[in-house]
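Have a look at the structure below before the remarks.
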Amino acid sequence: MASVTLFNAFIFNTVQIPPGGAQGYWAAPHPLFDSGTVTATAHGLSGAVSGDMILGVELLKTRTPGAGGGGPNPYLDITVRNHGVNYCPYVRLMISTVNP
């Protein structure tokens, strides 16, 4: 039976994403990123912006194991695009894996 792992929310506030803009993020190396299905969803933080916050994960990829000193486990590179009309000051990424 498959196992599902939901990682804690990763919250970023380093860069405001302008309307129509995108920002890249990464998640630390983990062995579960190597052997199953990985999903990521992006959310704005409620109350941080008045109005709609429409974010989408545009690109999710695994980076080669060992890149950046990660040892044998791959990193995740995640690109989030702001499809809304407001600047996005905070991004909450939810990452999960399904492994055999």
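Miscellaneous remarks
- Rolling a 1.4 Å probe over the protein chains gives Thr37 an accessible area of about 80 Å².
- Per-residue SASA entry for Ser46, accessible area with 1.4 Å probe, Å² rounded to 10: 120
- Candidate residues Leu59, Leu45, Leu76: accessible-area rank, largest first, probe 1.4 Å: Leu59, Leu45, Leu76
- Across the accessible surface of the chain, with the other protein chains kept in place and a 1.4 Å probe, carbon and sulfur atoms take up 54 percent.
- For the pair Leu45 and Phe12 in one chain, pulling the backbone fully straight at 0.36 nm per residue adds 10.9 nm over the alpha carbon distance.
- Rolling a 1.4 Å probe over the protein chains gives Ile11 an accessible area of about 100 Å².
- For the chain, the solvent-accessible area of protein heavy atoms averages 57 Å² per residue (probe radius 1.4 Å; ligands and nucleic acids excluded).
The values are calculated or read from the model by the stated rules, or taken from the named source; none is laboratory data. Worth saying up front: this structure is predicted, and the values here are computed from it rather than measured. Quick note on the areas: whole protein, heavy atoms, side chains included, nothing else; ligands and nucleic acids left out. Shrake-Rupley method; radii C 1.70, N 1.55, O 1.52, S 1.80 Å.
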